[in-house]
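What follows is a short report on a single structure.
The values are calculated or read from the model by the stated rules, or taken from the named source; none is laboratory data. A quick note: this is a predicted structure, and the numbers were derived from the prediction, not measured. Cβ atoms come from the backbone with ideal geometry, glycine included; neighbour counts cover every protein chain shown.
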Amino acid sequence: MKTLLVLGATPFQIPIVKKAKQLGHFVITMDNVPDNPAHLHADESANVSITDPEAVLAFARQRAVDGIITGGSEIGVAALGHVCDEMGLAGISHEQALKLTHKDRFRAFQKEQGLPHPDFLVFGGWDEFQPASVSLTGKFVLKPVDRSGSKGVFILDLVAGQDLEGHREDFEEALAQSLVGRVILEGFLTGREHGGDGFLRDGELVSFFITNKALTPAPYYVPTGHTIPSVLPVPTRDAVQAALENALHLAGFRNGPFNFDVMVDSGDNVTIIEIGPRFGGNGIPQIIAQGAGFDEIVANIIYALSGSVPDIRAKEHDAVSPTGSRILGCEKSGTLVNLAPIESVKRKFESGLIDLAYDFRIGDRVERFTQGNYRIGHIIATAPDLAGLDRLLDEIAEEIDVRVE
């Protein structure tokens with residue numbers, strides 16, 4: 001039996017804990033929120049902030065862990081890299097983690113390497129932002145450099161010479177969300193946004209799937225679900241894959257999972273928005289496991305504990321069974337007053353419903369779905385074709401009937 005340290009204990013980390021225990025390992029979950037649900041499934045939990053690399057390292061050394069892993073969120077990746085460096089464990093290096101997960105460093109990396117990227121500026125306070133932005137005109141994205149899940153993200157329409165005071169609240173909120181006290185202002189990219197996950201073994205892709213990504217309307221753009229296989233034509237899929245393989249090669253990343261978001265414009269030009277050296281949230285690992293036969297969570301656990309990625313491959317694009325996720329949220333904050341019982345929903349949709357999970361119970365306080373951690377639960381389903389899958393996800397969501405007062 002080996003000991004695996006899981007960074008984070010939110011719903012996104014529950015599948016890691018369950019899979020690792022099924023494989024016979026001792027699992028420790030770590031974060032500074034004792035009530036987070038993944039702790040309930042672990043053998044042991046640690047009340048340590050995963051944003052503190054030295055504290056994480058001290059615990060990992062004290063418990064002599066055999067491997068360390070995270071997924072579904074960027075917040076623990078830097079600490080993971082630090083532990084891997086200092087303890088010689090399998091995984092990303094600290095330098096690679098910072099380069100890929102800190103948005104300002106990733107944009108600088110893209111610029112240095114001549115990769116497509118939006119124009120950007122980085123600020124540490126309002127006194128820097130105001131004079132630098134007063135001459136800008138156009139649509140921009142403002143976000144903390146070191147958060148994921150749409151936290152602290154704002155769309156700004158700027159006009160040169162316009163008083164910026166109306167954007168001060170948004171700026172201060174974005175800055176407050178940053179753990180390192182920096183925000184980035186980027187030119188707004190136009191086109192169609194796509195996400196997905198991939199997995200590398202010695203620099204070669206053994207799994208790569210672009211998802212059909214659904215988002216909430218502006219101004220939040222929070223993912224509400226993913227489906228596979230991608231509807232993009234082959235040349236576009238190839239262009240997205242080539243762009244990501246090139247960027248990862250230049251960053252020196254050769255083994256393990258990665259989550260990505262890209263923008264594809266009307267001319268099929270690809271710009272990488274983000275690459276996270278961990279598997280995605282919002283059900284992406286589950287739909288790839290179900291629809292393409294590649295369990296990236298299991299593959300990552302094996303890699304973290306052994307140093308080797310198992311020699312398995314996902315199905316080819318044309319062999320994928322249409323599978324998708326739907327993230328449950330609500331349009332207003334308040335008290336959750338209705339959720340259909342899980343077992344009754346499963347009985348009604350047993351032929352296509354793969355998984356249904358709720359993060360809250362009736363009577364709990366819930367927040368308007370403006371960022372990823374405000375989700376209420378998820379649906380994973382499969383169907384003979386993508387059109388039928390979308391209908392099925394709609395029908396299941398209607399049956400669940402989320403209501404808030």
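List every residue pair whose Cβ atoms lie under 8 Å apart, where the two residues are 6 or more positions apart in sequence or sit on different chains, the first residue falls within the stretch 168-188 and is of a type in the set (K, R), and the second residue, located anywhere, is in a loop (DSSP other than H, G, I, E, B).
Final answer for the pair search is R182/G124; R182/V145; R182/D146.
For the stretch 360-377, which positions are crowded, with 18+ Cβ neighbours inside 10 Å and touching a Cys at 6+ places or on another chain (Cβ under 7 Å)?
Correct list: V366, F369, I376.
Could you give every pair whose Cβ atoms fall below 7 Å, whose first residue belongs to the stretch 355-378 and is free of Cβ contacts under 8 Å to residues at least 40 places away in the same chain, and whose second residue is part of a loop (DSSP other than H, G, I, E, B) and surrounded by fewer than 16 Cβ atoms within 10 Å (Cβ to Cβ), counting only separations of at least 6 or pairs across chains?
Once the first residue is free of Cβ contacts under 8 Å to residues at least 40 places away in the same chain and sits in the stretch 355-378, its partners that are part of a loop (DSSP other than H, G, I, E, B) and surrounded by fewer than 16 Cβ atoms within 10 Å (Cβ to Cβ) give V366/S333; E367/S333; R368/E331; R368/K332; R368/S333.
Say whether the condition of being in a strand (DSSP E or B), within 27 Å of Q110 (Cα to Cα), at pLDDT 95 or above and in contact with a Pro (Cβ under 9 Å, 6 or more places away or on another chain) is met by at least one residue in the stretch 163-185.
Taking every residue of the stretch 163-185 in turn, at least one turns out to be in a strand (DSSP E or B), within 27 Å of Q110 (Cα to Cα), at pLDDT 95 or above and in contact with a Pro (Cβ under 9 Å, 6 or more places away or on another chain).
Conditions (1) buried (at least 21 other Cβ atoms within 10 Å of the Cβ); (2) of a type in the set (K, R); (3) farther than 26 Å from R147 by Cβ; (4) in the same structural domain as S135 (by TED's automatic domain parsing), marked per residue:
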{"site": "T236", "(1), (2), (3), (4)": "no, no, yes, no"}
{"site": "A251", "(1), (2), (3), (4)": "no, no, no, no"}
{"site": "M263", "(1), (2), (3), (4)": "no, no, no, no"}
{"site": "E274", "(1), (2), (3), (4)": "no, no, no, no"}
{"site": "A299", "(1), (2), (3), (4)": "yes, no, yes, no"}
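Which residue out of F120, F129 is of a type in the set (A, V, I, L, M, F, W, C), under 13 Å from V183 (Cα atoms) and either touching a Gly at 6+ places or on another chain (Cβ under 9 Å) or surrounded by fewer than 18 Cβ atoms within 10 Å (Cβ to Cβ) (or both)?
F120
Name the residues in the stretch 311-322 that are out of contact with any Pro (no Cβ under 9 Å at 6 or more places or on another chain) and touching a residue at least 60 places away in the same chain (Cβ under 8 Å), would you?
D311, I312, R313, A314
Enumerate the pairs (first residue in the stretch 48-73 and at negative phi; second residue anywhere and among the acidic types (D, E) and in a helix (DSSP H, G or I)) with beta-carbon separation below 7 Å, excluding pairs fewer than 6 apart on the same chain, so at least 6 apart or on different chains.
These pairs meet every condition: L57/E86.
Can you name the number of the only condition in (1) within 19 Å of the chain's Cα centre (by Cα); (2) at pLDDT below 95 that S351 fails?
Only one criterion in (1) within 19 Å of the chain's Cα centre (by Cα); (2) at pLDDT below 95 is unmet by S351, namely (1).
Name the pairs whose Cβ atoms lie under 9 Å apart, with the first residue in the stretch 325-349 and exposed (fewer than 15 other Cβ atoms within 10 Å of the Cβ), the second of a type in the set (D, E, K, R) and in a strand (DSSP E or B), and 6 or more positions between them or separate chains?
S333/R365; G334/R365; T335/R365; V337/R403; N338/R403
Among the helices (runs of 4 or more DSSP H) confined wholly to the stretch 294-405, which include 3 or more residues that are of a type in the set (V, I, T)?
The helices (runs of 4 or more DSSP H) meeting that bar are 296-306.
Answer yes or no as to whether Y303 is under 27 Å from V27 (Cβ atoms), among the aromatic types (F, W, Y) and either surrounded by 21 or more Cβ atoms within 10 Å (Cβ to Cβ) or in contact with a helix residue (DSSP H, G or I) (Cβ under 9 Å, 6 or more places away or on another chain) (or both).
So Y303 fits the description; yes.
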